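First up is the structure itself, then whatever we jot down about it.
The values are calculated or read from the model by the stated rules, or taken from the named source; none is laboratory data. Model, not experiment: these values are computed from the prediction. For neighbour counting, all protein chains shown are included, and Cβ atoms are generated from backbone atoms with ideal geometry for every residue, glycine included.
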Amino acid sequence: MEFGNFGGQFLPPHILKAVKEVEDAYNKYKDDPLFIEEFKYYLNHYAGRPSNLYFASHLTEDLGGAKIYLKREDLNHTGSHKINNVLGQALLAKRMGKKKLIAETGAGQHGVATATAAALLNMECEIHMGAIDVEKQALNVYKMQLLGAKVISVQDGLKTLKEAVDSALITWSNELEDTFYLIGSAVGPSPYPMMVRDFQKVIGIEIKEQMQLAEGKLPDYVIACVGGGSNAIGAFYDFIPDKSVKLIGVEASGKGLHTKEHAATMTLGKKGIIHGMMTKVLLEDNGDISPVYSISAGLDYPGVGPEHAYLDEIKRVTYVAATDEEAVEAFEYLTLMEGIIPAIESSHAVAHAIKLAKTLPKDQVIVVNLSGRGDKDVKHIARYRGLNIVD
Ligand SMILES: *Cc1c(COP(=O)(O)O)cnc(C)c1O
């Protein structure tokens, strides 16, 4: 397997055939200078890269310890790091001669990002979404429709993400000729985890250059939140050979690791198979995949990218967790101190940075990957605090 004991392609034959085609195309184009140039063009001119590396001086001063810098993925077009990956995969799909992008979405963030790339590149787009999620996420459904996507409301089973994945895969296997399956994180069968990492590694490459200009050295810590793990692997990857840089992934411990309501896959998961890959998975005693919970829809996943399982095993990255309450406090604190409203996903990474910075001397430097902006979360945070905002 690609990542030590993790990764692979655990799939039924009809889907394996489709994945092999993606693998061939990815191997053909990943080092092609014209493909790389085209991807860079869209990252710079459409997504708005490079994103800023901002010195959070008020946060730093208030906490009284290490210097904190924020990598501002929240400033990207559509408000998060997700745009990097969808542009990469959509451009690859075009090179393969595909006319249609297909994806599943839970809370709708990946659906909106995919529909955006499809609108930009003039491709058809079909987003599969559980019927319950369609109801809960009416605004994102409407955005996808405005962007020209067809949203399929999946009525099977529990009518949420799992059924949406199954439905999208069935459609894909019936339309292989024209369709590309666009995965939203560094997960799934090979080559997706590696491909998504390669489309996201620009984050870490930029951090390294920008930190050189700002401080003339490498950072001491890079911290990122981990759902499937794409923003984290993007921020970490370029630093893996730099042994002095400590890398920390922060997952969601929801209502607490002692409860059943969390999504702490790295902390409490076991080796197992999910979505075509061998990785760490949250499992019940009978071997079923556990239901997961987090205040943050983006971190609410019972698996994790296989490269993270590997980096944990070789002890290159440390994985910790932050609770809902810690994330909400960090969300409020960063907003108040710096005038930056972070995504609730990113707030988990901020929460850990706050804890850590206080314990470190002033010459240490922490970079937090601010994976997205929090506009989408404001209403939900208000509700968490007992306010009901009606608009
Ligand atoms: C989707 C999302 C995440 C979680 O996905 P990863 O693949 O783990 O990065 C984190 N932050 C934001 C803002 C997101 O939209």
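The table below gives the values:
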{"item": "Qualifying residue in the stretch 56-65 (condition: in contact (Cβ under 8 Å) with a residue 40 or more places away in the chain and of a type in the set (Ser, Thr, Tyr))", "result": "yes"}
{"item": "Residue that is nearest to Leu92 (Cα to Cα), among those in the stretch 199-213 that are of a type in the set (S, T, N, Q) and away from the ligand (no atom under 16 Å from the Cβ)", "result": "Gln210"}
{"item": "Inter-residue pairs, beta-carbon under 8 Å, first farther than 17 Å from Leu75 by Cα and among the basic types (Lys, Arg) and in the stretch 340-353, second within 11 Å of the ligand (Cβ to nearest atom) and part of a loop (DSSP other than H, G, I, E, B), 6+ apart", "result": "none"}
{"item": "Condition check for Ala214: in a strand (DSSP E or B) and either under 15 Å from the mean Cα position of the chain (by Cα) or in contact (Cβ under 8 Å) with a residue 12 or more places away in the chain (or both)", "result": "no"}
{"item": "Residue ID - farthest from Ala93 (Cα to Cα), chosen from residues in the stretch 125-159 that are touching an Asp or Glu at 6+ places or on another chain (Cβ under 7 Å) and surrounded by fewer than 18 Cβ atoms within 10 Å (Cβ to Cβ)", "result": "Gly157"}
{"item": "Meets criteria (away from the ligand (no atom under 16 Å from the Cβ), at pLDDT 95 or above and touching a strand residue (DSSP E or B) at 6+ places or on another chain (Cβ under 8 Å)) for Gly272", "result": "yes"}
{"item": "The stretch 179-206 - residue that is touching a strand residue (DSSP E or B) at 6+ places or on another chain (Cβ under 9 Å) and closer than 17 Å to Lys40 by Cβ and, of those, surrounded by the fewest Cβ atoms within 10 Å (Cβ to Cβ)", "result": "Glu206"}
{"item": "Top-ranked residue of the stretch 236-257 - restricted to ones that are over 23 Å from Leu268 (Cβ atoms) and either outside any loop (DSSP other than H, G, I, E, B) or not hydrophobic (A, V, I, L, M, F, W, C) (or both), ranked as nearest to the ligand (Cβ to nearest atom)", "result": "Tyr237"}
{"item": "Asp285 being over 22 Å from Ala382 (Cα atoms) and not in a loop (DSSP other than H, G, I, E, B)", "result": "no"}
{"item": "Failed criterion for Thr267 (all others in (1) within 16 Å of the ligand (Cβ to nearest atom); (2) in a helix (DSSP H, G or I); (3) out of contact with any helix residue (DSSP H, G or I) (no Cβ under 8 Å at 6 or more places or on another chain); (4) in contact (Cβ under 8 Å) with a residue 60 or more places away in the chain hold)", "result": "(4)"}
{"item": "Selected residue (criterion: surrounded by the fewest Cβ atoms within 10 Å (Cβ to Cβ)) from residues of the stretch 60-82 that are touching a Leu at 6+ places or on another chain (Cβ under 7 Å) and assigned to a strand (DSSP E or B)", "result": "Arg72"}
{"item": "Matching residues in the stretch 77-89 - criterion: being within 14 Å of Lys40 (Cα to Cα) and within 12 Å of the ligand (Cβ to nearest atom)", "result": "Ile83, Asn84, Asn85, Val86"}
{"item": "Close pairs from the stretch 164-191: first at negative phi and touching a residue at least 12 places away in the same chain (Cβ under 8 Å), partner among the aromatic types (Phe, Trp, Tyr) and within 16 Å of the ligand (Cβ to nearest atom), Cβ under 7 Å, at least 6 apart", "result": "Ile183/Tyr192"}
